[in-house]
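Okay, so here's the structure we're looking at.
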Amino acid sequence: MCGIVAYIGQREAYPIILKGLKRLEYRGYDSAGVALLNGSLRVYKKKGKVAALEESLVGKAVHAHAGIGHTRWATHGEPSDRNAHPHLSASGKLAMIHNGIIENYAQLKSDLQKKGYEFKSDTDTEVLLNFIEDIHINNGGNLEEAIRIALRRVVGAYVIVVLDQDHPDTLIAARKGSPLVIGVGKDEHFLASDASPIIEYTKEVVYVNDYELAILKPDELVLKNLGNDKLTPFIQKLDLELAAIEKGGYDSFMLKEIFEQPHTIYDCLRGRLDATAGTITMSGVQSCMQYLKEANRILIIACGTSWHAGLVAEYIIEELCRIPVEVEYASEFRYRNPIINKGDIIIAVSQSGETADTLVAIEKAKEQGAIIFGILNVVGSSIARASHAGAYTHAGPEIGVASTKAFTAQLVVLTMVALKLSNERGTIDQKRYLHLLNELQQIPDKVATVLQQNEHISALAEKYKDARDFLYLGRGYNFPIALEGALKLKEISYIHAEGYPAAEMKHGPIALVDEKLPVVFVATRDSYHEKIVSNIQEIKARKGKVVAVISEGDDVIEGMADDVIKVPEADEIVAPLLSVIPLQLLSYHIGMAKDLDVDKPRNLAKSVTVE
Ligand code: F6R
């Protein structure tokens, strides 16, 4: 969380940093700030979104060729001007931005206070900066060395970038546990949390690794480890177009990303699934097929929406591959003393590839000898690099904070992995295998059909937008989709929503049902159909309002529900890829009807790089 951008070179730094911060705002938007160096350091910061900072800077002196910028997701200290980054050191000569958490900041702070340091903010960042300054003053003024010494004493995660008034031609950055990319231009360098602020200027990038320090001048990039050994920077070419990170005519990234799904799913299948030949080609899966085939157990580790994708996969893998699957919240798994046996495979699912809990959880499993298979969207991300093998989802940059297209792409990859594995293990008969390949291939067109119901779903949103609570129910493959629908609604509309297995509602949640409660049933035609029909009747008997996502031609549920959203008929294994789309649209439209910022819901950030 938190977005950082920095520039050093011949151009004006401020416009580059400002534009970059807007692109990184999905990582946090509690406050924003810049430090610009032109003879002296000028720091401007403001509570709220980047636009508020921009407005406050109209007419101010922003000329500089070196600068750092930050958009914050608050951890230590409430969102406020004073807690916004960049922070200045006690002498006023160093400015720093930070993404991450310094866990031992309290001890460091009290040590510094004993030495007379005073703090203007409540942040751990200001503590780290003054800790660096204190070492710097006492070590004869070698800032690089001071940073190295300080970071060796720090517990926690960080990306920091430091600007020194006395060395206007140098930026120093370091990373542990949070992402950092360097853009390499001609006589200029860029730094950012991801490549989106950089691609407009250069496609040559270096991904900084943990425990590395980058010393940047306009015409020089030096990479070192914390032991002061020089490293050779590995310059990669970015495969990302500017259009992919812009709204392209939509009113929000969320809507754009929902509507991109026919393409993103197609891109995810392309070159991998060939229904005519009956093949699935996935080199990452092939490279660890022997382990997968012989797996005693598969553990899927993820958070949030990615965890929901894992839950659908649990049903699919157990059904098709006959391997036991457990789906774990990374945040719980990492702090337990989990039992990992020989023959266990870990599948880590993450859009960003930077989620701190997932990253630490897989590192822990790796230490115990597990094989890690990553299903990730962001190429080169930390989890991608920590995995032994994997498959990318190819959904393109997801900028809306609520995950939509990444989720369906994760499901597609997980389904392909399950199909390929079941075929290799001989746990699926050929007819069903070919049928499912065909079903998967038809999904992009079917998703496009579901999207045609956008207007209808918008009308439903208007009808139900004032409800105080929602219940989402589903069974089998659609149970995780009920969870996902509820999560989407909570995030985007701030309406309380709960997802539940439809049959489980009798054990408690049914007490919530009255004539004011909308109950969304995810009830496409599958082997649980009759059962879910009974569950709908149970809600209707208690005067609940039923909105049902059903398969086309399902007159039974259509006759019972208050409102229906129809999706094309599909095999139950791939049906979640269709039934989730109306739920994404419903939460989008309710959020819009309530005049909320659907791309940047309050308190959230896209990439959760703190635990
Ligand atoms: C919800 C959402 C989050 C993420 C979760 C994991 O819409 O986006 O719940 O799914 O923070 O993030 P990744 O997939 O990046 O590990």
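The values are calculated or read from the model by the stated rules, or taken from the named source; none is laboratory data. Worth saying up front: this structure is predicted, and the values here are computed from it rather than measured. All Cβ positions, even for glycine, are placed from backbone atoms using ideal geometry, and neighbour counts span all protein chains on display.
The residue that is farthest from the ligand (Cβ to nearest atom), counting only those in the stretch 300-324 that are within 29 Å of G400 (Cβ to Cβ) and outside any helix (DSSP H, G or I), is I300. For the stretch 203-231, which positions are surrounded by 18 or more Cβ atoms within 10 Å (Cβ to Cβ), under 24 Å from the mean Cα position of the chain (by Cα) and of a type outside the set (D, E, K, R)? Within the stretch 203-231, V205, V206, Y207, V208 meet the criteria. Checked against (1) charged (D, E, K, R); (2) in contact with a Phe, Trp or Tyr (Cβ under 9 Å, 6 or more places away or on another chain); (3) under 19 Å from T170 (Cβ atoms), K49 meets all criteria but (3). Checking every residue in the stretch 48-55 against the condition of being surrounded by 20 or more Cβ atoms within 10 Å (Cβ to Cβ), outside the structural domain of Q10 (by TED's automatic domain parsing) and modelled with pLDDT of 95 or more gives zero matches. Restricted to the stretch 512-611, the set of helices (runs of 4 or more DSSP H) holding at least 1 residues that are more than 15 Å from the ligand (Cβ to nearest atom), outside the structural domain of T264 (by TED's automatic domain parsing) and touching a residue at least 40 places away in the same chain (Cβ under 8 Å) comprises 529-541, 576-593.
The residues of the stretch 355-372 that are touching a residue at least 24 places away in the same chain (Cβ under 8 Å) and either in the same structural domain as Y26 (by TED's automatic domain parsing) or away from the ligand (no atom under 15 Å from the Cβ) (or both), listed by number, are K364, A365, Q368, G369, A370, I371. Scanning the stretch 239-246 turns up no residue that is assigned to a loop (DSSP other than H, G, I, E, B), modelled with pLDDT of 90 or more and either touching a Cys at 6+ places or on another chain (Cβ under 6 Å) or surrounded by fewer than 16 Cβ atoms within 10 Å (Cβ to Cβ) (or both).
Of the residues S331, S352, the single one that is buried (at least 23 other Cβ atoms within 10 Å of the Cβ) and either in a strand (DSSP E or B) or within 12 Å of the ligand (Cβ to nearest atom) (or both) is S352. For the stretch 455-476, a residue qualifies if it is in a helix (DSSP H, G or I), out of contact with any His (no Cβ under 8 Å at 6 or more places or on another chain) and of a type outside the set (A, V, I, L, M, F, W, C), and the qualifying residues are E455, H456, K463, Y464, G476.
G426 meets the conditions (1) surrounded by fewer than 17 Cβ atoms within 10 Å (Cβ to Cβ); (2) in contact with a His (Cβ under 9 Å, 6 or more places away or on another chain); (3) among the small types (G, A, S) in every case but one. The failed one is (2).
Could you go through the stretch 394-417 and let me know if any residue there is closer than 30 Å to L586 by Cβ, away from the ligand (no atom under 16 Å from the Cβ) and among the polar types (S, T, N, Q). Checking the stretch 394-417: at least one residue is closer than 30 Å to L586 by Cβ, away from the ligand (no atom under 16 Å from the Cβ) and among the polar types (S, T, N, Q).
In the stretch 431-454, which residues are without any contact (Cβ under 8 Å) to a residue 24 or more places away in the chain and either touching a His at 6+ places or on another chain (Cβ under 6 Å) or part of a helix (DSSP H, G or I) (or both)? Scanning the stretch 431-454 gives K431, R432.
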